[in-house]
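All remarks here apply to the structure that follows.
The values are calculated or read from the model by the stated rules, or taken from the named source; none is laboratory data. For clarity, every value in this text was computed on a predicted model and none was experimentally measured. As a convention, Cβ positions derive from the backbone with ideal geometry for all residues, glycine included, and neighbour counts pool all protein chains shown.
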Amino acid sequence: MVPTCTATATECVPEIQIITVTAQREPEIQLLKSCANASETIGGHFRLFYNDTEPTDWLVADAYPELLKVHLENDLPTKRMGEVTVTRSENTECGATGGYVWSVTFLNLVGNIPKLEPDTSMMTGEGANISVEVLRPSTVVGGTFDLSIRNYTTVAMPFDVHESNMKTALQNIGTGDVTVSRSGPDGQLGYSWSVTFTPDSDNYDVPLMVANGTHLTGNGVEIVTHTRQVGKYDLGGSFQLYFRDVGPTVPIPYNANVSTMISALEDLISVDDVTITRTGPRADRGYTWMVTFMQVRHWTEEGCVGMLACVVLSLCCAVLCCTLAHS
Ligand SMILES: [Ca+2]
């Protein structure tokens, strides 16, 4: 009877690395500047549109900042404006009387924020108008980045690169087969990508990708990579054997040579003499030992030597199984 022990890599763990782009939120500030032709006096009313919604109520041309705040926050449908702060100062660049600058800070809105659009048709004073300028834009991520692995660098990829394009860019620098999934964006248009490396015997614990974000734009923009799951593939570690419920043997390395295997088995009191042939390594670094029992203790009436039983000690992503080859 010849039990055969085979150590086989059956399931491996893919490496998963995460790339994340973030930026720091910075509230947008828009300036509303009222003016008219030189030596005119500004009066009447204006109102403001935001993002094509219904406008605010009509506001007096010299509206106090508190009044503008209340109307911006409450008049616009669905209150998408969120909270704002408003300050007001005289428009010293304006030659007319009654020109003001309102500074509106959007405390809640993120991403691309449309400009407020004034309706000045009810203002008085020749040439009366309100201009809008963005003093400080809300943070949004833009630009490009690249990734390096094993000193090979991808082409530059846009800040929102589609997963299939990132897959191609990575595979073009020799990563092997990868799958990419993108999530996001967050309020600042920052995305994150999860890259899964298909493990094979040469490529499983992949070096961490290095991200270069020097061409990304946005306040405090940052790109980081980290390993979510370390890839595993190869055999390693050791195992122990029992024979006729006797054991275990000393730990036997996953790649034990014939003499190591023989002495481990013959040290069992249930085994006197075995011969072993070893084949391998296979592509997964596993070996097969064919054990022929020349003499064992306590030959049973059935004449059966029984099965080798196995205990696996940290054989990485491998299953050690004993199979009966023939009797
Ligand atoms: Ca790794």
- Qualifying residue in region 237-247 (condition: of a type outside the set (Asp, Glu), within 16 Å of the ligand (Cβ to nearest atom) and under 32 Å from the mean Cα position of the chain (by Cα)): no
- By my count, strands (runs of 3 or more DSSP E) wholly in region 1-46 with at least 2 residues that are at pLDDT 95 or above are 15-22, 29-35
- Of Thr97, Thr92, the only residue that is without any contact (Cβ under 8 Å) to a residue 40 or more places away in the chain and of a type outside the set (Lys, Arg) is Thr92
- Might you check whether a residue that is closer than 30 Å to Ile269 by Cα, assigned to a loop (DSSP other than H, G, I, E, B) and in contact (Cβ under 8 Å) with a residue 24 or more places away in the chain occurs anywhere in region 223-235? yes
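Just to be sure, is Val155 among the aliphatic types (A, V, I, L, M), more than 16 Å from Thr20 (Cα to Cα) and under 20 Å from the mean Cα position of the chain (by Cα)?
Against the criterion (among the aliphatic types (A, V, I, L, M), more than 16 Å from Thr20 (Cα to Cα) and under 20 Å from the mean Cα position of the chain (by Cα)), Val155 qualifies.
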- Item | Count of region 216-250 residues which are in contact with a helix residue (DSSP H, G or I) (Cβ under 6 Å, 6 or more places away or on another chain) and surrounded by fewer than 17 Cβ atoms within 10 Å (Cβ to Cβ) | 1
- Query: Given the conditions (1) outside any strand (DSSP E or B); (2) within 16 Å of the ligand (Cβ to nearest atom); (3) surrounded by fewer than 21 Cβ atoms within 10 Å (Cβ to Cβ), and given that Val206 satisfies all but one, which numbered condition is not satisfied?
  - Reply: (3)
